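The values are calculated or read from the model by the stated rules, or taken from the named source; none is laboratory data. Everything numeric here is computed off the predicted structure, so don't read it as measured data. Cβ atoms come from the backbone with ideal geometry, glycine included; neighbour counts cover every protein chain shown. These accessible areas exclude ligands, DNA and RNA; they are computed on the full protein's heavy atoms, side chains included. Shrake-Rupley method; radii C 1.70, N 1.55, O 1.52, S 1.80 Å.
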Amino acid sequence: MKHYYTAFLLCYFLCLYGYGQVFEEVSESVNFSFSNAVQFGTGVPFCDFDKDGWDDITVSGDDGEPIGFFRNVNGVFEKVTFELEQLPMSLKQAVWIDFDNDGDKDLFVASEEYKNRLYRNDNFIFTDITVAAGIPDVLLHTNSGSWGDYDNDGDLDLFLSNRDLNQLIPNMLFRNNGDGTFENVNELSAIGNVSKITFQATFFDYNNDGWLDIYLINDRKVTTNILYHNNGDGTFTDISEEAEVGYVMDAMSVGLDDYDADGFIDVYITNTAYDQDFPVPANALMKNNGDGTFSEIAISSGVSFDRTSWGANFIDMDNDGRLDLYVSGFDDTNDNGEVSAAFYYQNEDISFTRVLSNGFETDLAHSYGNATGDFDHDGYLDIVVANRDPYTFDLWNNRYYQLLFNKWLKVSLEGVESNRDGYGSRIEISINGEKQYRVTTNVESYLSQNSDVESFGVGNVAIIDYVKVTWLSGHIDLIEDVSANQTITIIEGQSPLTVEDVQTDFDIQLYPNPTKDIITVKISEFIAGNSEIKIYNMLGQLVATHLIQQDEMVVSTSDLYRGTYFISFYKENELVITKKIIKI
């Protein structure tokens, strides 16, 4: 009944205080104004590009218009100019990444009508290094560039989604060599040189094995959507059929998050209007079953959205600890009170209810990308939406803080051994045994980029039991007893409590590592007694326990999924040492 009680409170407060809307469109009042007419719209980054702690907005130009940079100064925007080449054609996407791990945000720009560009940022002096970096200096019809560290070497790699309607130009995966250059690894990675008419690729770890997989959103019902499983050896395998995600649909974009808080990332896919002739007739909600498969449950969950839609994001709009869902629509209609966009509340039973109010009643724009961030530092996530002419972009200010007073926690990451942006990390918090999860990724929604700071709603709780970060390097940082209503920065390996190899004269050898079916455990200075090893997965869940009765033993790993695990040695129930293994 929690959802319905919250709805009652909202209605009560709205009447009591006279607020006609919970989300308020404030772009004009905060000096954010932009529009373009790019065909099929653009994305929008809500990313703090100057790293001052305030989420900025970047917008893509049209017909030779420059990229718009809106710096956030204490909740009000000022348009700034950087010395960049003025590109002659319209752009689809601008995205910020620290590809060289030097602490500042570099800029990648994608265009379907022109050549892509990569700009290195050196204290806001931008240098076009596209050619020097080895990225093709030709027209590729790129709809989006997505960044993720697929080989876990500590730097970000690049996937180009090339939407060539003639199906001559394939998608391209570029490995970051760590020296400012990139290498095309289509053949080496087994991605292959085949066009998929892809709108967008998204890096995420669907099975919690510590390796980033890739999901492709493909257009025109010509090719199915594709899930590439990362094998952990630099190669990928198409497992779309066995994972049950090879949907035939006019897929536009994905929203990623663990909406049901079971520890596995779920995927929401936008689509065109309802079409009963296709297996997925409208939008799809891919519930991750945790066993390598997904179930499509959009209709039963109430989020199928039977109109053409583009961007989508999970967002805890009222900070009650449950993820809601925002979807950008294309149709400028208010038939039956249903406007272009849709906002879905998550109910107590993990289903959703569409809300036809909250300030979005007048939203009739042709909307494409959307992104979430907290532009005014009130702890409640706001939404920026990339609309197409004749509509300007919207900035929706979340005013729930005036009604419910729910608390929040925001987490910022800084990788050390992992990539500096922390993309690909998994964040877990626990409150009285109830957990929430977030996954950090670079491109979500439609060609867009959410704030790098992950936000959690915690209701009326003042102290969070712990915050746990699992990095792509395998390191786990754990901070206990964290106060709500603050932003914390976690630097890899420097938190008060870090799960690492314990420094001791005692040692344990594991080989072969990586391993396939068995691993030999050899223990130095073995002392007989109550000793055991425990094997944990990347979520910290115990998956196996073995008693130790000699200094060398063989342990079967055949029942484990591929991925990264931790082996901990206990003597008299006391942890002595922890080691990392990789199952291939």
Would a scan of the range 493-513 turn up a residue that is within 20 Å of Ser455 (Cβ to Cβ), modelled with pLDDT of 80 or more and open to solvent by 70 Å² or more (accessible area, probe 1.4 Å)? no
Can Gly180 be described as of a type in the set (Gly, Ala, Ser), open to solvent by 20 Å² or more (accessible area, probe 1.4 Å) and modelled with pLDDT of 95 or more? yes
Identity of the residue in the range 117-149, open to solvent by less than 10 Å² (accessible area, probe 1.4 Å) and touching a residue at least 60 places away in the same chain (Cβ under 8 Å), that ends up farthest from the chain's Cα centre (by Cα): Asn143
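Could you list all residues from the range 261-274 that are open to solvent by 10 Å² or more (accessible area, probe 1.4 Å) and either out of contact with any strand residue (DSSP E or B) (no Cβ under 7 Å at 6 or more places or on another chain) or not in a loop (DSSP other than H, G, I, E, B) (or both)? Before the answer, list the steps.
Of the residues in the range 261-274, the ones open to solvent by 10 Å² or more (accessible area, probe 1.4 Å) are 261-262, 264, 272-274.
Asp262, Thr272, Ala273, Tyr274, listed by residue number.
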Residue count, the range 206-248 (criterion: among the polar types (S, T, N, Q) and free of Cβ contacts under 8 Å to residues at least 40 places away in the same chain): 4
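Looking at Tyr466, Tyr437, Tyr368 in this structure, which one is farther than 27 Å from Asp149 by Cβ, among the hydroxyl-bearing types (Ser, Thr, Tyr) and not in a loop (DSSP other than H, G, I, E, B)?
Values: Tyr466 fails: farther than 27 Å from Asp149 by Cβ; Tyr437 fails: farther than 27 Å from Asp149 by Cβ.
Result: Tyr368 is the single residue among Tyr466, Tyr437, Tyr368 that is farther than 27 Å from Asp149 by Cβ, among the hydroxyl-bearing types (Ser, Thr, Tyr) and not in a loop (DSSP other than H, G, I, E, B).
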Quick one: in the range 456-481, which of the residues that are open to solvent by 10 Å² or more (accessible area, probe 1.4 Å) and of a type in the set (Asp, Glu) is farthest from Phe405 (Cα to Cα)? Glu480
Residue in the range 281-314 that is surrounded by the fewest Cβ atoms within 10 Å (Cβ to Cβ), counting only those that are closer than 15 Å to Arg354 by Cβ and in contact with a helix residue (DSSP H, G or I) (Cβ under 7 Å, 6 or more places away or on another chain): Ser304
Which count do you get for residues in the range 90-116 that are modelled with pLDDT under 95, among the basic types (Lys, Arg) and open to solvent by less than 50 Å² (accessible area, probe 1.4 Å)? 1
Criterion violated by Asn166 - all others in (1) modelled with pLDDT of 95 or more; (2) surrounded by fewer than 17 Cβ atoms within 10 Å (Cβ to Cβ) satisfied: (1)
With the structure loaded, tell me whether Asn313 is modelled with pLDDT of 90 or more, in a loop (DSSP other than H, G, I, E, B) and closer than 22 Å to Thr42 by Cα or whether it fails that test. no
Looking at the range 206-227, which of its residues are more than 23 Å from Asn166 (Cα to Cα), of a type outside the set (A, V, I, L, M) and either out of contact with any strand residue (DSSP E or B) (no Cβ under 6 Å at 6 or more places or on another chain) or open to solvent by less than 10 Å² (accessible area, probe 1.4 Å) (or both)? Asn207, Asn208, Asp209, Gly210, Asp213
